[in-house]
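Quick notes on the structure that follows.
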Amino acid sequence: MPETPPLAAETRQRADGYLKVAVSGELDILSAPRLRVILDEALSDGARVVELDFSEVEFCDCYGLGVLLEARRRAGERGTVLRVVSVTSPLVRRLLRGTGTAGVLGRPAQ
């Protein structure tokens with residue numbers, strides 16, 4: 001069985017309250033808890049905007065999607081914008097489009 005690429009994240013913050021989290025690897029039932037921790041830290045950082053760069057995410061399943069949606073809800077409660085950008089994987093795009101969450105995760109919370 002091929003080894004799953006580990007989930008990794010690199011966080012960069014700008015002085016204007018903007019936090020970018022570059023995520024890479026596969027987001028699934030095994031790695032979703034790691035993303036939850038990363039997002040908890042990002043949301044507790046006091047940033048006004050948290051942007052998740054998914055250009056290096058190869059795969060995302062329903063567990064990963066659940067973590068993203070829950071983080072977006074929590075961000076909205078805090079007045080923080082959380083959005084997913086630069087989705088390049090056809091598998092991830094298909095998941096987001098098929099579940100109707102592409103627009104929700106790609107724009108600021110209402």
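What follows draws every value from the coordinates through simple rules; no lab data is involved. Owing to the predicted nature of the structure, the values given are computational and were not obtained by experimental measurement. Reconstructed Cβ throughout: ideal geometry from the backbone, glycine too, with neighbour counts over all protein chains shown.
Among 82, 105, the order by Cβ neighbours within 10 angstrom, fewest to most, reads 105, 82. Toward the positive end of the charge dipole of the chain, with +1 on the Cβ of Lys and Arg and -1 on the Cβ of Asp and Glu, the farthest Cα among 46, 103, 6 is that of 103.
P(r) for the chain, from all Cα pairs and a bin width of 5 Å, is 2, 13, 25, 27, 19, 9, 3, 1, 0 %, short bins first.
At a threshold of 8 angstrom on Cα-Cα distance, excluding pairs fewer than six apart, so keeping six or more, what relative contact order does the chain reach in percent? Result for the chain is 25 percent. By the helix-only formula, in which each DSSP H run with n ≥ 4 contributes -39500 (n - 2.57) and the sum is divided by residues, the chain has a 222 nm mean residue ellipticity of -11500 deg cm²/dmol. Return the percentage of antiparallel bridges among DSSP beta bridges fully within the chain, rounded to the nearest 5 %. Expressed as a percentage, antiparallel bridges in the chain total about 30. Listed values for segment 38-44 are Karplus-derived 3J(HN,Hα) couplings in whole Hz (6.51 cos²θ - 1.76 cosθ + 1.60, θ = phi - 60°), namely 4, 6, 4, 5, 5, 6, 7, and x replaces Gly and Pro. A simple charge model with +1 on the Cβ of Lys and Arg, -1 on the Cβ of Asp and Glu and nothing else charged puts the dipole of the chain at about 520 debye relative to its Cα centre.
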